[in-house]
Amino acid sequence: MIDYGATRAVTLVAGSSGTGKTSFCLRYLVNDRRLAWRALWDADGQLSARLGLPAAGTAEDLAASIEDGWTIFDPNVLFPGRHAEAFAWFCAWVWQTAATIPGPKVLLVDEVWRYCSNVSIPQSLAECIQTGRVRHLSCMFATQRPNRLNEAITNEVTECVSFRLQGTNALARVQELGVPPGEVAGLAPGQWVSVGCQTGKRSSGRLWGSVSGSRTD
Ligand SMILES: Nc1ncnc2c1ncn2[C@@H]1O[C@H](COP(=O)(O)OP(=O)(O)O)[C@@H](O)[C@H]1O
Ligand SMILES: [Mg+2]
């Protein structure tokens, strides 16, 4: 299962609240038919509700969900009131489980700034980011606060997708990743621009509205 030639993929989806980040991530996970497995952290039940798919709360649910290709983890059953502990545990579980599933897999953490800071990040999440590649595990992170992320994430980002974003610090952070701040400050809701951090390759689109969403790459 371990493929040392696989390319690293860490996608950061930034944008102010209500601009379309979660919609984008879910659409991506639904549309990418190559994915063998999607692991979603879902502490508030939003993802499960929006997808219309059941969340996994128990160890039995987790084990059974793998075969479906979707594991939407609700930490409130196994770790009531202990989200930080649950998050570290889930990332470690995803990392271990990824080794047992062939093919491309992705870990989605929505509003990841809640689970790390500029100075700290769970070791198990850092492991998924830094060495997920060898297990064909990509990471997708959404955040309304790109400036609150740990370097373990920002140093590894391969693609930055930005919806409308405001605030000097937030804009400075996406600029470091190659996204022109002047462009994203003026985007309409649902509209995004994306930059490949190594390639500089640009694309853009919108999720809803008059122009249908499209990628130009
Ligand atoms: N088809 C649509 N047309 C216009 N607005 C939409 C559509 N679908 C969702 N929205 C709006 O998008 C916003 C939520 O998008 P979401 O992806 O949850 O944003 P974020 O994750 O960035 O907060 C909500 O305000 C919702 O009403
Ligand atoms: Mg959201």
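The values are calculated or read from the model by the stated rules, or taken from the named source; none is laboratory data. As the structure is a prediction and not an experimental result, all values here were calculated from the model. A quick note on method: Cβ atoms are made from the backbone with ideal geometry, for glycine too, and the neighbour counts reach across all protein chains shown.
Structure notes:
- Looking across SER194, SER203, one residue alone is touching a Lys or Arg at 6+ places or on another chain (Cβ under 6 Å) and either more than 16 Å from ligand 2 (Cβ to nearest atom) or basic (Lys, Arg) (or both). It is SER203.
- Applying a threshold of 8 Å to beta carbon distances and a minimum spacing of six or more residues, or different chains, the list of pairs starting in the range 129-156 at a residue that is among the acidic types (Asp, Glu) and ending at one that is surrounded by fewer than 23 Cβ atoms within 10 Å (Cβ to Cβ) reads GLU151/ASN118; GLU156/ARG8; GLU156/GLN130.
For (1) at pLDDT 95 or above; (2) of a type outside the set (Asp, Glu); (3) touching a helix residue (DSSP H, G or I) at 6+ places or on another chain (Cβ under 9 Å), each residue gets a yes or a no:
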position: ASP3; (1), (2), (3): no, no, yes
position: ALA9; (1), (2), (3): no, yes, yes
position: ALA14; (1), (2), (3): yes, yes, yes
position: GLY18; (1), (2), (3): yes, yes, no
position: PHE24; (1), (2), (3): yes, yes, no
position: LEU29; (1), (2), (3): yes, yes, yes
position: LEU35; (1), (2), (3): yes, yes, yes
position: ALA39; (1), (2), (3): yes, yes, yes
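- Unmet criterion (only one of (1) in contact with a Lys or Arg (Cβ under 6 Å, 6 or more places away or on another chain); (2) within 16 Å of ligand 2 (Cβ to nearest atom); (3) not acidic (Asp, Glu)) for ARG133: (2)
- Restricting the range 86-100 to residues that are surrounded by fewer than 18 Cβ atoms within 10 Å (Cβ to Cβ) and in contact (Cβ under 8 Å) with a residue 60 or more places away in the chain leaves a set whose member that is nearest to the chain's Cα centre (by Cα) is ALA99.
- If you check ALA14, ALA56 for being free of Cβ contacts under 8 Å to residues at least 24 places away in the same chain and touching a Ser or Thr at 6+ places or on another chain (Cβ under 7 Å), only one passes: ALA56.
- Highlighted here are the helices (runs of 4 or more DSSP H) found entirely within the range 1-95 that include at least 1 residues which are within 16 Å of ligand 1 (Cβ to nearest atom) and under 17 Å from SER138 (Cα atoms): 21-31.
- Flag if CYS128 is modelled with pLDDT of 95 or more, in a helix (DSSP H, G or I) and buried (at least 22 other Cβ atoms within 10 Å of the Cβ): yes
- Test: LEU171 is among the aliphatic types (A, V, I, L, M) and without any contact (Cβ under 8 Å) to a residue 24 or more places away in the chain: yes
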